[in-house]
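In what follows, a single structure is set out as structure tokens and then discussed.
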Amino acid sequence: MCGIIGYVGKRNAVPVLLYGLQRLEYRGYDSAGIAVIEKTDRKIIVEKQVGKIKDLQEHLWNKKIEGHTALGHTRWATHGAPTIENAHPHTSQKGTISIVHNGIIENYLELKKELLDKGYRFKSETDTEVIAHLFEDLYTGDLLETAFKVAKKLRGAYAVGVISTYEPDRIIGIKKGSPLIVGLGKDENFIASDIPAVLEYTKDFIALDDGEIALVKTDSVEIFNINGKKIEKKPFHVTWDVSVAEKAGYKHFMQKEIHEQPRTIGDTITGFSSSKDDQLFCMLKDVDRLYIIACGTSYHAGLIGKFWIERFAKIPVEVDYASEYRYRDRIINENSVVMGISQSGETADTRFALLDAKKEGAKTISLVNVVGSSLSRETDYVLYTYCGPEIGVAATKTFTAQLVSLLLFALEAGVKKGTISFRDYEYIYNQLIHIPSKVEDILGKDDQVKEIAHRYMNASDFLFLGRNINYPIALEGALKLKEISYIHAEGYPAGEMKHGPIALIDEKMPVVCVAPKDRFYEKIFSNIQEVKARKGKVLSVATEGDSQIKQISDEVIYISQTIDPLYPILTVIPLQMLSYHIATLLGKDVDQPRNLAKTVTVE
Ligand code: F6R
């Protein structure tokens, strides 16, 4: 939901901003813009373009803008259509203050009225423009002091960057609700929504917490709370190589990320095992119920985690969409534990639901991918997936890494509670470490999956079926397909099909059946026959060596054999590949599908 970046330092800011905005584009791509304090006459130059960063780049071609203090923005529209007027940065009436914003100012109408009454004129329909005018209106002669005043008037969730011709040597960053990090360089410093935006220039960062304001200059960074009290914050270092934010020869980030999975699964197994938090697992011994809350793909990972946690750790688990959990009458006591799963660690629904549960006395755990993200800092315990940045809007590698973390979490809790033996733990673990090479084998079937995609790309609806632990994989397969190809798809428990969706099946309906050779194989086999009897087109994901399924399927994609509980980590891979190929064959923009943003920081 919008990406922001700010630069102050010795080089020309414009290429730095454009580089960073490209890496933030996954957060929104309706329009983009920059505001630069010009080197010679110290005026703020603002350039904006509707569309993607490449459109802004083309627009800037041959414009010789040079400056050392600047802001950039890539927008996911909330208030007002994607137009030049609504694009950020927004500038105060006198042209002396420019701001970029990610989030929503909930009381903007009230503030706008006050400002209109004082004679301020508005050029856009955005909630953001009020911040620029407020800065002008409340300016005390000190931009930082003004930021304290402005922040006290704003309600909602926001990360804001501010520059001013009054004090051209600095950027102010304000964070409440939306993510904001400070990148620490030599003779230069940065603010940004996310680490990859400035990874080319630094690997050292400070993550701002809610209610904090950063004063960022070329050679210093200071952090304050909203009342002006200085805060000492410990920087953190990331080891990510800059290439993780590049396509590395692949056509799309999504394709690269699908193919990275053997490594990211392996890294998550190692990372989990080497950073086990004993306190967390001791705490789980007394837990009477675990709630998992998440959104989208992370929610599907939670559904699979439930099977593992109940089976191995014998802890009852409830899984909820975060946006639903937040507003229901949940029952929480001091023995309740709530786990939020989130790739970004910034999803507003998940964060706020978890914060509410924490206030009510629950112990909280987060499972996140982004180091230093809000969720990771707001919960009592943190588990990580070790994927590096995921840039494609559709989650792929982080989903399988979430599965690995949840499985290891369940096994570890089970061993600590004595609900599984160490021998069983070791047996499953030893199977798990072979999963990366089995994923590699599936990825080797890319040409076959592409051919299948070619045959089915013109279907207007798809049904995805699975049973038990592979039912959430059917949900995930359907989500992947609809979000990047815009084809309608539904995921269903295969046993439930006869209670309604079977009416949809005819010779035009492709039905993707997740049918590995596990203990539910015979059941799903019968369900597939029910589809075939109604002339549906059956695409099965099945275990190598299963010749029987070939006879009732139009297409079969084989995966290697593994033990029952591990199948979801394999069965999802062909579904990711299928969606990717259908979407690219249809000419869709898989990395930046319409209407979506990677990090959803609004409710
Ligand atoms: C789907 C997808 C989204 C996210 C959801 C939650 O491919 O990426 O459904 O899973 O927006 O995001 P996180 O995991 O960052 O909380």
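Values computed for the structure shown
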{"item": "Amide H partners (placed H, <5 Å) of GLY392, local residues excluded", "result": "MET254"}
{"item": "Percent of C-alpha pairs per 5 Å bin, segment 248-326, short to long", "result": "3, 12, 14, 17, 21, 16, 9, 5, 2, 1"}
{"item": "Out-of-range pairs (alpha-carbon distance over 26 Å; input LYS480/LYS508; LYS176/LYS233; LYS416/LYS598; LYS233/LYS598; LYS517/LYS598; LYS63/LYS186)", "result": "LYS416/LYS598; LYS233/LYS598; LYS517/LYS598; LYS63/LYS186"}
{"item": "Value at 222 nm in deg cm²/dmol, rounded to 500, when DSSP H runs of n ≥ 4 in the chain each add -39,500 (n - 2.57)", "result": "-11000 deg cm²/dmol"}
{"item": "Separation in nanometres of the label points that stand 7 Å from Cα toward Cβ, at ILE65 and ILE84", "result": "1.3"}
{"item": "Where TRP308, TRP76 fall by accessible area, highest first, once all protein chains stay in place (1.4 Å)", "result": "TRP76, TRP308"}
{"item": "Apportionment of accessible area to carbon and sulfur, segment 32-120, percent (1.4 Å)", "result": "52"}
{"item": "Trypsin sites (Lys or Arg not before Pro) within segment 81-154, DSSP loop, no more than 15 other Cβ atoms inside 10 Å", "result": "LYS94, LYS118, ARG121, LYS123"}
{"item": "Mean separation of Cα contacts under 8 Å (6+ apart) over length of the chain, as relative contact order %", "result": "12"}
{"item": "For THR40, net neighbour charge (Lys/Arg +1, Asp/Glu -1) across residues whose Cβ lies under 11 Å away", "result": "+1"}
{"item": "Span per principal axis, largest first, for the Cα atoms of segment 247-433 (Å)", "result": "51, 41, 24"}
{"item": "Computed label-point distance, nm, for sites TYR425 and GLU522 using a 7 Å Cα→Cβ extension", "result": "3.4"}
{"item": "Share of carbon and sulfur in the accessible heavy-atom surface of segment 379-480 [1.4 Å probe, %]", "result": "47"}
{"item": "Per-q log10 I(q)/I(0), segment 440-588, q = 0.11 Å⁻¹ (Debye; single scatterer per alpha-carbon; no solvent)", "result": "-0.34"}
{"item": "Net charge over other residues, Cβ less than 12 angstrom from the Cβ of ILE292 (K, R count +1; D, E count -1)", "result": "-1"}
{"item": "For segment 3-243, diffusion coefficient by Stokes-Einstein and Kirkwood Rh (Cα), 25 °C, 0.890 mPa s, µm²/s", "result": "141"}
{"item": "Placed amide H near VAL512: partners under 5 Å, 5+ positions off or other chain", "result": "LEU463, PHE464, LEU465, LEU539"}
{"item": "Phi-based couplings in Hz for segment 259-268 (Karplus 6.51, -1.76, 1.60; Gly and Pro marked x)", "result": "6, 7, 4, x, 6, 5, 5, x, 5, 6"}
{"item": "Per residue solvent-accessible surface (Å²) - segment 413-481, probe of 1.4 Å", "result": "45"}
{"item": "Ranked order, TYR427, TYR201, TYR299 - accessible area, probe 1.4 Å, largest first", "result": "TYR427, TYR201, TYR299"}
{"item": "Angle in degrees between helix 397-417 and the longest Cα principal axis of the chain, rounded to the nearest 10", "result": "70"}
{"item": "Out-of-range pairs (alpha-carbon distance over 24 Å; input LYS256/LYS532; LYS39/LYS217; LYS306/LYS550)", "result": "LYS256/LYS532; LYS306/LYS550"}
{"item": "Debye equation applied to the C-alpha atoms of segment 76-181, log10 I(q)/I(0) at 0.14, 0.24 Å⁻¹", "result": "-0.47, -1.54"}
{"item": "Distance in nm between pseudo-label sites at LYS359 and TYR250 (7 Å out along the Cβ direction from Cα)", "result": "4.0"}
{"item": "With every protein chain in place, segment 209-319: carbon and sulfur % of accessible area (1.4 Å)", "result": "48"}
{"item": "q = 0.09, 0.12 Å⁻¹: log10 I(q)/I(0) that the Debye formula gives for the chain, counting C-alpha atoms only", "result": "-0.72, -1.17"}
{"item": "Segment 197-336, Rg to Rh (Cα coordinates; Rh as Kirkwood inverse mean 1/r)", "result": "1.04"}
{"item": "Summed residue charge, Cβ within 14 Å of TYR166's Cβ, Lys/Arg positive, Asp/Glu negative", "result": "-2"}
{"item": "Backbone N under 19 Å from the ASP554 label point (7 Å along Cα→Cβ), restricted to segment 456-476", "result": "456-466"}
{"item": "Accessible solvent surface per residue of segment 509-597, calculated while the other protein chains remain in place, 1.4 angstrom probe, Å²", "result": "35"}
{"item": "Restricting segment 451-505 to GluC sites (Glu not before Pro) in coil, as DSSP defines it, with at most 16 other Cβ within 10 Å", "result": "none"}
{"item": "Residue-normalised accessible area of segment 147-205, given per residue in Å² at a 1.4 Å probe", "result": "26"}
{"item": "Convex hull volume per residue in cubic angstrom - Cα atoms of segment 368-426", "result": "92"}
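The values are calculated or read from the model by the stated rules, or taken from the named source; none is laboratory data. Since we're looking at a predicted model, the values are computed, not measured. Quick reminder, even Gly has a Cβ in these numbers, built from the backbone with ideal geometry, and neighbours come from all protein chains shown. Ligands, DNA and RNA are stripped out before the accessible areas are found, and what is left, the full protein with its side chains, is counted by its heavy atoms. Shrake-Rupley method; radii C 1.70, N 1.55, O 1.52, S 1.80 Å.
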